[in-house]
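Have a look at the structure below before the remarks.
The numbers here are math on the coordinates, done by the rules we state, and not lab data. Remember, predicted model here, so these are calculated numbers, not experimental data. Methodologically, a virtual Cβ is constructed for each residue, glycine included, from the backbone with ideal geometry; neighbour enumeration extends over all protein chains shown.
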Amino acid sequence: MAEVPTWLGDNGVHMIMPADHLPPEALERLTEIWQEKLRNSPMWGQVVERFGPEKAEEILRNRRPELR
């Protein structure tokens with residue numbers, strides 16, 4: 001299998017690969033990691049302050065990393 005081009009940018013980790021090679025479990029795990037990192041970021045406090053804790057959690061659950 002060919003090496004997958006991967007790099008770290010200011011806005012996260014990027015890679016170029018066919019999407020059919022990423023198992024659904026991997027995308028789910030990436031989602032969990034992303035949500036955890038957002039909860040532990042300074043931005044999370046701003047989201048909670050603006051929308052309240054319940055709405056902030058709902059917003060987070062409805063946002064997921066995407067394959068392009």
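If you go through region 33-57 and keep only what is among the charged types (D, E, K, R), exposed (fewer than 12 other Cβ atoms within 10 Å of the Cβ) and farther than 16 Å from residue 11 by Cα, you end up with 49, 50, 54.
Report whether or not residue 29 is of a type outside the set (A, V, I, L, M, F, W, C), surrounded by 13 or more Cβ atoms within 10 Å (Cβ to Cβ) and without any contact (Cβ under 8 Å) to a residue 40 or more places away in the chain. No; evaluated as a whole, the condition is false for this residue.
To keep it simple, each residue is scored yes or no on (1) out of contact with any strand residue (DSSP E or B) (no Cβ under 9 Å at 6 or more places or on another chain); (2) in a helix (DSSP H, G or I); (3) closer than 21 Å to residue 16 by Cα; (4) not charged (D, E, K, R).
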{"position": "26", "(1), (2), (3), (4)": "yes, yes, yes, yes"}
{"position": "29", "(1), (2), (3), (4)": "yes, yes, yes, no"}
{"position": "34", "(1), (2), (3), (4)": "no, yes, yes, yes"}
{"position": "38", "(1), (2), (3), (4)": "yes, yes, no, yes"}
{"position": "43", "(1), (2), (3), (4)": "yes, yes, no, yes"}
{"position": "49", "(1), (2), (3), (4)": "yes, yes, no, no"}
{"position": "55", "(1), (2), (3), (4)": "yes, yes, no, no"}
{"position": "58", "(1), (2), (3), (4)": "yes, yes, no, no"}
